[in-house]
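J.: Pasting in a structure now, in structure tokens, and then I'll have a few things to ask.
Values in this text are rule-based calculations from the coordinates and carry no lab data. These figures come from a predicted structure and were not determined experimentally. No Cβ is skipped: glycine too gets one built from the backbone with ideal geometry, and neighbour counts run over all protein chains shown.
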Ligand code: EAX
């Protein structure tokens, strides 16, 4: 009797193993289809939800989803949700954040060569800037970031920066005398405004609106689309279209993360970054055209200024940084625009 029971149990056991095995193989197939390995990218920046940084990164996310058949999801974090620009660059180095869109200015603390893009009045126009940034010179500078654990894909745009303040109209450099102006954390920016007699203070973008609102600073400088989307018109009465810096915005990837991607997804990143960059630049061109009248409607006094006196006042900064940046690189960028 016992022998029969034992045989019966063995039979039941064998049958159930067979059934599970079959179910398992269909389960594996359905798993393979449903659970394709999805990679998630967190990309951060400090500007407003309606700024072209955000809109361009949303386009980038759509493109990555399409180009990788849903295998790479990109989540966009605006308004310093992931920290200020320096924090995010450090997070890329650690690999705790995958991507960031920042201005070149804070990168100067990580690789000195980027200072060349921060020289006042370096780029005469957008076409010249794109020629340098999208060509060999721009690419070679992005390459210097690899020693810092960062992969620079390409340059998006922040734009020509203009001075705004709450005290008085600024028509000439002397009008900046004593003005407490917030700047990005960059030595050339600081020395440029010192050369014009201002009182510059470095500050992260996320603290800027409150500092202007509380009057702890009088002035700031940013492109028109940021003055509008970050609502600086609520706390700044005067604007002067000085265009003293052209700010490029490199799209950066954590090297630790990038090296873990398969080649096809690395290729998709580059393609999506270039398509989204062109879209972002286009949006900014439209906003630069349309937003000055909107700022005036909000009560800002926006002045066109003669740039020559401002250029003359900051010539000393070019001399001061020639040895740090290298005259050959400065000449390359100057000539590369033509
Ligand atoms: O990169 O800090 C600034 O004023 C920059 O325009 C901003 O970080 C966007």
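J.: Cut-off is 10 Å between beta-carbons; in what order do 115, 303 appear when sorted fewest neighbours first?
T.: Ordered from fewest to most neighbouring Cβ atoms within 10 Å, 115, 303 come out as 303, 115.
J.: Where the eigenvalues come from the Cα gyration tensor of the chain, what are the semi-axes √(5λ) of the equivalent ellipsoid, largest first, in whole Å?
T.: 52, 22, 17
J.: What do you get for the angle between helix 315-325 and the principal long axis of the chain? Use alpha-carbon atoms, 0 to 90 degrees, nearest ten.
T.: 40 degrees
J.: Taking neighbour Cβ counts within 10 Å as the exposure measure, how do 316, 254, 166, 323 sort from fewest upward?
T.: 323, 316, 166, 254
J.: Would region 155-274 count as rounded, prolate or oblate if I go by the C-alpha gyration tensor, calling it rounded below 1.5 in a/c and otherwise prolate when a/b exceeds b/c, oblate otherwise?
T.: On the way: a/c = 2.54, a/b = 2.38, b/c = 1.06.
Taking the square roots of the gyration eigenvalues as a ≥ b ≥ c, region 155-274 is prolate.
J.: Consider all pairwise Cα distances in region 104-168 and report the whole-number % of them above 17 Å.
T.: The share of Cα pairs beyond 17 Å in region 104-168 comes to 45 percent.
J.: Given Cα pairs under 8 Å that are at least 6 residues apart, what percent is the relative contact order of the chain?
T.: With pairs under 8 Å counted, the relative contact order is 24 percent.
J.: Using a 10 Å cut-off on Cβ atoms, rank the peptides 36-42, 99-105, 230-236, 84-90 from the highest mean neighbour count down. Mind dumping the intermediate values first?
T.: Details: 36-42: 13.0, 99-105: 26.6, 230-236: 18.7, 84-90: 20.3.
Those peptides, ordered most packed to least, come out 99-105, 84-90, 230-236, 36-42.
J.: In a Gaussian network model over the chain where Cα atoms closer than 10 Å are linked, find which of 151, 305, 43 has the largest mean-square fluctuation.
T.: Among 151, 305, 43, the largest mean-square fluctuation in the Gaussian network model of the chain belongs to 305.
J.: Multiplying the sequence separation of residue 65 and residue 256 by 0.36 nm and subtracting their Cα-Cα distance, what value in nm do you get?
T.: Fully extending the segment from residue 65 to residue 256 adds 66.6 nm.
J.: Could you work out which residue, out of 93, 259, 287, moves most in a Gaussian network model of the chain, that is, has the largest mean-square fluctuation with Cα springs under 10 Å?
T.: Between 93, 259, 287, it is 259 that shows the largest mean-square fluctuation.
J.: Taking R0 as 30 Å, what's the FRET efficiency between residue 263 and residue 109 from their Cβ-Cβ distance, rounded to 0.05?
T.: 0.40
J.: So if I average 1/r over every pair of distinct C-alpha atoms in region 193-338 and take the inverse, what Kirkwood radius in Å does that give?
T.: Values: mean 1/r = 0.0532 Å⁻¹.
Hydrodynamic radius (Kirkwood, Cα only) of region 193-338 equals 18.8 Å.
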